[in-house]
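First up is the structure itself, then whatever we jot down about it.
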Amino acid sequence: MSGGKQPVVGIIGMGDMGRMYAKRLKAGGIDTIYVCDKPESHESLKKELEGTGIIPLPNGHAVSRSSDFIIYSVEAAALTAVVREYGPSTKIGAVVAGQTSVKAPEKEAFEKYLPEDVGITSVHSLHGPTVTTEGQPLIIIHHRGPESNVKMVEDVFRSFKSRYVHLSYEEHDSVTANTQAVTHAAFLSMGTAWKHSASYPWETARYVSGVEVVKVNITLRIYSAKWHVYAGLALLNPSAQTQIQQYAKSVTELFKLMVENREQELSDRVWESREKVFGWKRNEEPSTGSSSTAEGQIRDPILLSEDILNQFSLNSKSNSGGGKQQSSPNSHLSLLAMVDCWSKLGIRPYEHLAVAGTPVFMLWIGVAEYLFRSPTLLASAIQAGLSDRVHRPDDIEFVVAARGWSECVSFGNFELYKRRFEETSNFFSPRFEEATKLGGRMIKAIQDMQSGKKTDGQPNVQ
């Protein structure tokens, strides 16, 4: 605030992100931090935070009246009700932010329930609570109040060493939808399809090497998180809803071309989407060191070589006998549909990597780039879709799952989303810890490669 005085920070909502914010801000030198959770959790929160210097208050009214910078860290579905309850108590001249993944409802709630003498400079850390904040994008949205509020927010988060990205509310929702909606839909659908197949993908010979390893690890990483992390984007962001519906349509239409053996139509559609999204002509082999986007920008490929990817397999027998275990030919319907969807909607996700380019986001987009970068791999996927019968049962389950997730999102029901998510999450839960470790190693390997470091091979985790 003015005169160099350090602001008092208040956090309403002490879930995983709220706790991370409170602890890291305290460690970073913020003297006074007030927090609260649901009133019935007050006593347990006091015991948990005893001796930390973080001060729990009974409710959001107390936090709002006492703090200069107030962060609402609650689920997107509950935000409006929480702001309606506590917003009117906000201290005169305070600045309010919301740490939510979808901003349209937040903007509406803040404008409706916060006093007019309160500033709005919101934030969004584009990573989960267990990931380091250093170097990660931290979006800052200055919506109402003097420009000096922006510097105050930047100073509060200085210890995070995050990369500040300044956007409007509308720009934020557009960027997050374009980088996350389709990828979420794809990997949520993969998990649901494998669950209904009643088989773990790493226990078969079909998903043990190369890009298959990435698909399995990303799927498990998504399902190891809490359901509401993804529900807010899907159910409350209009752009995301449109994209998820188109993704299900792309999955269905491509699968019909496969089963009807309409080779020319399928081939033309896939190669056209490759050119529109990645900028590569049909059968063009991009140079080894770089690739060019549809805007003519030159960039390095995101993923690693197949030999390195194979090191992160969840299949403990993938290297048994000393030989290299290969996956059988696969249509990669999930990835073909992902790029087809981007093509149909005119979305070029590379445009947003500079803003939302966290390692996990890059991994999601990179798995599609990996397939489409190689004309040989892509042609093999097209042929597999037409003739392979090994993966056909999985593809059928995937089509049903993608359409099911699209319908779930169209209903706009959080409880339905939660039930559908947790049914699959419970199926995979025995392997979450291992997948999280492997996913972290994979992300580090990609970061090391992109920074020019040598990536040393490591054996599979047994």
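The values are calculated or read from the model by the stated rules, or taken from the named source; none is laboratory data. Just so it is clear, the structure is predicted and the values come from calculations on it, not from any experiment. Here the Cβ is made from the backbone with ideal geometry for all residues, glycine too, and neighbour counts use every protein chain on show. Note: accessible area is taken over every heavy atom of the protein model, side chains too, but ligands, DNA and RNA are not part of it. Shrake-Rupley method; radii C 1.70, N 1.55, O 1.52, S 1.80 Å.
For segment 24-50, a residue qualifies if it is basic (Lys, Arg) and not in a helix (DSSP H, G or I), and exactly one does: LYS38.
Of the residues making up segment 35-45, not a single one is in contact with a Phe, Trp or Tyr (Cβ under 6 Å, 6 or more places away or on another chain) and open to solvent by less than 20 Å² (accessible area, probe 1.4 Å). A count restricted to segment 83-129 and to residues that are β-branched (Val, Ile, Thr), within 25 Å of the chain's Cα centre (by Cα) and part of a loop (DSSP other than H, G, I, E, B) stands at 2. For the subset of segment 2-20 comprising residues that are crowded, with 20+ Cβ neighbours inside 10 Å and more than 13 Å from ILE33 (Cβ to Cβ), which member is modelled with the lowest pLDDT? My answer is MET17.
Screening ILE140 on (1) assigned by TED's automatic domain parsing to the domain that holds LEU335; (2) assigned to a strand (DSSP E or B) shows it passes everything except condition (1). Restricting segment 375-393 to residues that are touching a Ser or Thr at 6+ places or on another chain (Cβ under 9 Å) and assigned to a loop (DSSP other than H, G, I, E, B) leaves a set whose member that is most open to solvent (accessible area, probe 1.4 Å) is VAL390. Could you tell me whether segment 322-330 includes any residue that is buried (at least 21 other Cβ atoms within 10 Å of the Cβ) and modelled with pLDDT of 80 or more? Taking every residue of segment 322-330 in turn, at least one turns out to be buried (at least 21 other Cβ atoms within 10 Å of the Cβ) and modelled with pLDDT of 80 or more. Only one of the numbered conditions (1) surrounded by fewer than 16 Cβ atoms within 10 Å (Cβ to Cβ); (2) in contact (Cβ under 8 Å) with a residue 12 or more places away in the chain; (3) over 27 Å from the mean Cα position of the chain (by Cα) is not met by GLY51, and that is (2). Please indicate, with yes or no, whether at least one residue in segment 139-151 is open to solvent by 10 Å² or more (accessible area, probe 1.4 Å) and under 18 Å from the mean Cα position of the chain (by Cα). Looking through segment 139-151, none of the residues is open to solvent by 10 Å² or more (accessible area, probe 1.4 Å) and under 18 Å from the mean Cα position of the chain (by Cα).
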